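Undergrad: Just dropping this structure here.
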Amino acid sequence: MYCYSTLTNDPFQSSLSAPLSHCSIFSAVGGVFILNRGLKNYDALFVAPMYQAMLVFVGALSGVFFFDELEVLETDMRILFGGS
């Protein structure tokens with residue numbers, strides 16, 4: 001759990017707060033648009049699992065970049081992560 005003091009480490013005072021917020025909103029709206037477009041053109045039995053798989057994939061990648069998870073992994077685990 002992260003604890004931010006109001007004087008020094010406020011996450012909303014960071015220069016990345018606004019771009020990350022905009023990207024999050026764009027991603028959510030874009031995801032709904034892509035899901036609707038896919039359901040319009042294809043069967044739901046194909047679109048829904050692909051959409052969920054992409055959510056898992058993007059979630060894993062965001063964890064790698066945001067939490068810097070590759071730093072704690074050994075070389076063989078990095079290779080397995082990249083191969084999966």
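Undergrad: Mind checking which of Gly63, Ser21, Tyr42 is farthest towards the positive end of the range 16-83's charge dipole, using Cβ charges of +1 (Lys, Arg) and -1 (Asp, Glu) about the Cα centre?
TA: Tyr42
Undergrad: Which helices, taking whole DSSP H runs in the chain, have alpha carbons extending 18 angstrom or more along the helix axis plus mean Kyte-Doolittle at least 0.5?
TA: Correct list, ordered by number: 17-41, 44-66.
Undergrad: Using a simple spin-label model with points 7 Å from Cα along the Cα→Cβ vector, what separation in nm is obtained for Thr75 and Tyr51?
TA: 4.3
Undergrad: Still on this structure, I have one more. For the chain, give the magnitude of the charge dipole about the Cα centre (Cβ charges: +1 Lys/Arg, -1 Asp/Glu; no others), in debye to the nearest 20.
TA: Using only the charged Cβ atoms, the result is roughly 480 debye.
Undergrad: First measure r as the distance between the Cβ atoms of Asp43 and Phe65, then evaluate 1/(1 + (r/R0)^6) with R0 = 35 Å and state the FRET efficiency to the nearest 0.05.
TA: Approximately 0.60, to the nearest 0.05.
Undergrad: For the chain, what is the convex hull (Cα atoms) projected area averaged across all directions, in square nanometres?
TA: Mean projected area for the chain: 8.0 nm², to one decimal.
Readers should treat all values here as calculations from the given coordinates under stated rules, not as data from a laboratory. In this text the structure is predicted, and so the values were computed from the model without any measurement. No Cβ is skipped: glycine too gets one built from the backbone with ideal geometry, and neighbour counts run over all protein chains shown.
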